[in-house]
1. Filter the range 141-150 down to the residues that are in a helix (DSSP H, G or I), surrounded by fewer than 19 Cβ atoms within 10 Å (Cβ to Cβ) and touching a residue at least 12 places away in the same chain (Cβ under 8 Å) and list them by number.
2. Would you check which residues across the range 63-81 are in a helix (DSSP H, G or I) and in contact with an Asp or Glu (Cβ under 8 Å, 6 or more places away or on another chain) and list them?
3. Please go through the range 127-141 and pick out each residue that is of a type in the set (A, V, I, L, M, F, W, C), under 12 Å from residue 30 (Cβ atoms) and more than 8 Å from the chain's Cα centre (by Cα).
4. Please enumerate the residues belonging to the range 107-132 that are surrounded by fewer than 19 Cβ atoms within 10 Å (Cβ to Cβ) and touching a Leu at 6+ places or on another chain (Cβ under 7 Å).
5. Regarding residue 34, is this residue surrounded by 15 or more Cβ atoms within 10 Å (Cβ to Cβ), touching a helix residue (DSSP H, G or I) at 6+ places or on another chain (Cβ under 8 Å) and modelled with pLDDT under 95?
6. Restricting attention to the range 69-86, which residues are without any contact (Cβ under 8 Å) to a residue 12 or more places away in the chain and over 11 Å from the mean Cα position of the chain (by Cα)?
Amino acid sequence: MMKVLCRLYLPMLVFFMFGAVCPVHADTNVLIKALTDQLGVTGEQASGGAGAVFEYAKAALSADDFSKVTKALPGVDSLISAAPKAEGSSGLIGGLKSLSGGQSGSAAAMSSLAGSFSKLGMDADMVSKFVPIILDYAKSEGGTAVMNLLKGALL
């Protein structure tokens, strides 16, 4: 009985004692679960859609700013690799540069990401549903500064 209690409660005790002191790295599974639970999408759609959003942010942010995002949210690179690959040589980054002229950040993001979401079997309006969940995840796992970097790139 004592062994069972130790196995159950010792990890929780260690977390509560040291959780605030030790750095905790973001777990992208938390984001994928939030997307699937809240939006009713599949795990593949959640990973690919989140990856496309992060890929868009990577193209919109400076290398230094995106490095801050990836340090705070490790696993973002694996999500980006799950994003559908754009056809043609310009890809998502080229689409971002060509679409962003004259459009607000939000409109450019919607236009650029619509193709990736379509390849995943989702409508373009799902982009606007993914972004707030991703921003909430960024804030809870990486802090307000990381969320604001992403927010500036996406909205």
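1. Pass one, the range 141-150, residues in a helix (DSSP H, G or I): 141-142, 144-150.
Adding the requirement that they be surrounded by fewer than 19 Cβ atoms within 10 Å (Cβ to Cβ) leaves 144-145, 148.
Hit for the range 141-150 is 145, nothing else.
2. Let us first name the residues in the range 63-81 that are in a helix (DSSP H, G or I), namely 63-72, 76-81.
The answer is 70, 72, 80.
3. Residues of the range 127-141 that are of a type in the set (A, V, I, L, M, F, W, C), as a first pass: 127, 130-131, 133-135, 138.
Filter once more, so that each one left must be under 12 Å from residue 30 (Cβ atoms): 133-134, 138.
Listed by number, the list holds a single entry, 133.
4. Answer for the range 107-132, where residues must be surrounded by fewer than 19 Cβ atoms within 10 Å (Cβ to Cβ) and touching a Leu at 6+ places or on another chain (Cβ under 7 Å): 111, 129.
5. Values: surrounded by 15 or more Cβ atoms within 10 Å (Cβ to Cβ): yes; touching a helix residue (DSSP H, G or I) at 6+ places or on another chain (Cβ under 8 Å): yes; modelled with pLDDT under 95: no.
So residue 34 does not fit the description; no.
6. Restricting attention to the range 69-86, the residues satisfying the condition of being without any contact (Cβ under 8 Å) to a residue 12 or more places away in the chain are 70-71, 77, 85.
71, 85 - these are the residues of the range 69-86 that are without any contact (Cβ under 8 Å) to a residue 12 or more places away in the chain and over 11 Å from the mean Cα position of the chain (by Cα).
The values are calculated or read from the model by the stated rules, or taken from the named source; none is laboratory data. The shown structure was predicted, so the numbers you read here are calculated from the model rather than taken from an experiment. Virtual Cβ from ideal backbone geometry, glycine too; neighbours counted across all protein chains shown.
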